[in-house]
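Okay, so here's the structure we're looking at.
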């Protein structure tokens, strides 16, 4: 069988990324140009700046990906690109680049859902992993419990009704004086704090499989404001530890409950917050206790990257899914839509 080489492009937020992936699981290159330092002074991603930087970097990143893979565009079989969800201006840069290459070189074009890419990152890190399994997707914009039926079929079993987990992390980080991106800094600080020192709520713990993190975020902000008004010193380590414990408890509890209810023995983590040490540790303990297999991607594949898009694009391509030249950016693209 002929090897299928996918050139993948990812520009959904503030990383300009390109990768070459062979047969869905072998990464020949994975180039990421991050914009963190540019957005740090604003405390978060500025969409217009992100879009402009993608325009500046996209060709260079694609060239570097091909160079590292030791391939030319003529040797690529498929062009894969994230077309949603994400920042519309940022997505458009990647989509336009992918369509231009596909048209110029007469290559099949595959549009990839960003979250499907995050789920697919697990296939790269764990060659033995195959559907079906339950995946907890946790990132700055999404918190989903997804039943992965096969490589291209997904069923959302639960999702956040307000803030995503990563979004809550960033807002809490800002409240206790940590710079963007706040999530990893809260995770590191939490290791040094006492999670029992402050009691923050566990929202919707016994209410189905949807999530809500606006309550715990507000509870932290109220606690910080109350301390400031009273002139009391805030122990940021304890705040970080108590907040993280609240979020992780809910994520782990709901994932395990759903897995037991559906008799699912294999669980995966995906998305930026899948890199969180606290979440990995507690999910590992719960999986071992319940004799379930747990998978999560290596750290570089948790954050936005193009290798995961290349993996997802391969399975879409093998399923027969193709995009036309009218492919457009869809900022609120629902999971599972082709």
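Restricting attention to region 27-58 and to residues that are outside any helix (DSSP H, G or I) and free of Cβ contacts under 8 Å to residues at least 24 places away in the same chain, the residue that is surrounded by the most Cβ atoms within 10 Å (Cβ to Cβ) turns out to be 35. Look through 91, 71 and report the one residue that is surrounded by fewer than 19 Cβ atoms within 10 Å (Cβ to Cβ) and under 19 Å from residue 305 (Cβ atoms). So the residue among 91, 71 that is surrounded by fewer than 19 Cβ atoms within 10 Å (Cβ to Cβ) and under 19 Å from residue 305 (Cβ atoms) is 71.
Taken over region 95-124, the residue count meeting the criterion of being touching a helix residue (DSSP H, G or I) at 6+ places or on another chain (Cβ under 9 Å) and surrounded by 20 or more Cβ atoms within 10 Å (Cβ to Cβ) is 16.
For (1) over 15 Å from residue 78 (Cβ atoms); (2) assigned by TED's automatic domain parsing to the domain that holds residue 274; (3) in contact with a strand residue (DSSP E or B) (Cβ under 6 Å, 6 or more places away or on another chain); (4) surrounded by fewer than 15 Cβ atoms within 10 Å (Cβ to Cβ), each residue gets a yes or a no:
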site: 309; (1), (2), (3), (4): no, no, yes, no
site: 314; (1), (2), (3), (4): no, no, yes, no
site: 326; (1), (2), (3), (4): yes, no, no, yes
site: 330; (1), (2), (3), (4): yes, no, yes, no
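If the condition is being assigned to a loop (DSSP other than H, G, I, E, B), touching a strand residue (DSSP E or B) at 6+ places or on another chain (Cβ under 6 Å) and in contact (Cβ under 8 Å) with a residue 24 or more places away in the chain, then region 86-145 contributes 107, 108, 126, 129, 132. Applying the criterion of being assigned to a helix (DSSP H, G or I) and touching a helix residue (DSSP H, G or I) at 6+ places or on another chain (Cβ under 7 Å) to the residues of region 146-173, the residue that is farthest from residue 209 (Cα to Cα) is 173. Just one of (1) part of a helix (DSSP H, G or I); (2) surrounded by fewer than 22 Cβ atoms within 10 Å (Cβ to Cβ); (3) under 18 Å from the mean Cα position of the chain (by Cα); (4) touching a residue at least 24 places away in the same chain (Cβ under 8 Å) fails for residue 279. It is (2). Among the residues in region 5-21, are any over 20 Å from the mean Cα position of the chain (by Cα) and surrounded by fewer than 16 Cβ atoms within 10 Å (Cβ to Cβ)? Checking region 5-21: not a single residue is over 20 Å from the mean Cα position of the chain (by Cα) and surrounded by fewer than 16 Cβ atoms within 10 Å (Cβ to Cβ). A single member of 254, 289, 319, 262 is without any contact (Cβ under 8 Å) to a residue 24 or more places away in the chain and either under 19 Å from the mean Cα position of the chain (by Cα) or on the phi < 0 side of the Ramachandran plot (or both), and it is 289. Within 24 Å of residue 204 (Cα to Cα), modelled with pLDDT of 95 or more and not assigned by TED's automatic domain parsing to the domain that holds residue 86: is that true of residue 270 in this structure? Yes; evaluated as a whole, the condition is true for this residue.
The values are calculated or read from the model by the stated rules, or taken from the named source; none is laboratory data. Just so it is clear, the structure is predicted and the values come from calculations on it, not from any experiment. Neighbour counts run over all protein chains shown; Cβ positions are idealised from the backbone, glycine included.
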